[in-house]
């Protein structure tokens, strides 16, 4: 080891003696990496290919003690800190330039107690890790729809997917957590212990500490669900969306149906002449008895004249991975998102115009159908505030070549602005890119002031600022 100049919390540099770095490494079960190590580039590479940052040091943690030691080291030296769980966050907050990156990816343990229907999950686990372990006991934790996503960032920011309407958000199923605070303590939080911190963790993201273990409630589901895709020609999209909207008015909690609009990938069940053409996809899942699911999905499947209908019994683990091929790591990504109370005719018109102007074959618009159990939680019960939103739009710009940056980012931003008049005003922080720091307060609405108080108590120096940041002072212009 040699002396190193690392980025600090004041946007300057702090020289760390080689002896101090060696002493840190000696306290770890994991390891410390710098730019000279062979595995450094792999450790700093995350899902969004637009993010190319170079931490001064990376601490790869093997357990909670390693996390505590890394946090203490950062706090004592006032270093800029980034925390990597799954590395899937669109804003790229898992990696910092020049500072200390706390890498949780080695911490992947998932332990299930089938009797009490609980799971203990480490923060480096992905959704695939969780699903495979829980489904072995025919249990499920409601999570997202891309199995390579990390559980930590997903749960701390919200977490919704195919089973959310039935079982709530991921964070609604959090029973307790172990947290390494900015003060270098490891505390257990629950409804009876550090209650304010427990409240803040459920939606407040990584603002208050590093979670080293989650305890979740599980639910009975699987191993098969009724799920699949119904693919429509884009020419029928306006009619399909209006009927989709109407069909959902009577949808039971067990039924979730999302919309995807994009150019058709070369799916094996689509006729070749449709590959590369604009389509509208209804992606649905019924979290209950398959016979009841056939009845519940009948109205959606009767809409229009689809190109293909491949809804049927599927292993839940497989369905959770169905969109993975479209979301592989390494592509350049930029997202914009709105919550909607309703999918109005005017909003539909704007969305369809945007699909007619797609800047690339991988760009798409998702419309997620939420509500159900997640919508019946009081706004003030968790930090996550948008309980009354019925739809979440994610404008997903995705491309491969840097030369396409301007076209793809511009397309997403224009659509975001055009749909703003129809939006609820809140935002899902896990979908917010790095340039939306001005939306953080609005995203939390009436819960923001309480989040500031929790931040003041547990992280008054704003050590954990590589996130959709809640500052410990109410002036958003200050650090």
>> Across the range 319-435, what fraction of all alpha-carbon pairs, as a whole percent, falls in each successive 5 Å bin from zero upward?
In response: 2, 11, 20, 21, 19, 15, 9, 3, 1, 0
> Helix 237-248 versus the longest principal axis of the chain: what angle, 0 to 90°, nearest 10, using Cα atoms?
Replying inline: 80
>> From the P(r) of the range 224-431, could you give the percentage of C-alpha pairs in the tail past 31 Å?
In response: 17
> Taking Cα atoms of the range 188-257, Rg/Rh with Kirkwood Rh, to two decimals?
Replying inline: 1.19
> So what are the range 142-294's ellipsoid semi-axes, whole angstrom, largest first, if each one is the square root of 5 times an eigenvalue of the alpha-carbon gyration tensor?
Replying inline: 38, 18, 14
> Share of Cα-Cα pairs in the range 110-220 beyond 21 Å, in percent?
Replying inline: 28
>> Run the numbers for residue 295 and residue 238: contour at 0.36 nm per residue of separation, minus the present Cα-Cα distance, in nm.
In response: 18.1 nm
> Can you give the translational diffusion coefficient of the range 236-295 in µm²/s, computed by Stokes-Einstein from the Kirkwood radius over Cα pairs at 37 °C and 0.692 mPa s?
Replying inline: 249
>> What do you get for the angle between helix 345-355 and the principal long axis of the chain? Use alpha-carbon atoms, 0 to 90 degrees, nearest ten.
In response: 70
> If you take the alpha carbon radius of gyration of the range 4-103 and divide it by 2.2 N^0.38 Å, what ratio comes out, to two decimals?
Replying inline: 0.99
> So what's Rg/Rh here for the range 393-470, counting alpha carbon atoms and using the Kirkwood radius for Rh?
Replying inline: 1.06
> What is the calculated FRET efficiency for residue 17 to residue 37, with r their C-beta to C-beta distance and R₀ = 30 Å, to the nearest 0.05?
Replying inline: 0.95
>> Based on alpha-carbon atoms only, what is the radius of gyration of the range 275-377 relative to the globular estimate 2.2 N^0.38 Å?
In response: 1.25
> What Rg and what Dmax come out for the chain when only alpha-carbon atoms are used, in angstroms?
Replying inline: 22.1, 70
> What does the helix-only formula give at 222 nm for the chain: each DSSP H stretch with n ≥ 4 adding -39500 (n - 2.57), the total divided by the residues, and the result rounded to the nearest 500 deg cm²/dmol?
Replying inline: -7500 deg cm²/dmol
> What angle, in degrees between 0 and 90 and rounded to the nearest 10, separates the Cα long axis of helix 64-77 from the longest principal axis of the Cα atoms of the chain?
Replying inline: 60
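Here, each number is a calculation from the coordinates, and none is a lab measurement. These numbers were taken from a predicted model, which means no experiment stands behind them. Because the Cβ atoms are built from the backbone with ideal geometry, glycine has one as well, and the counts that use them run over all protein chains shown.
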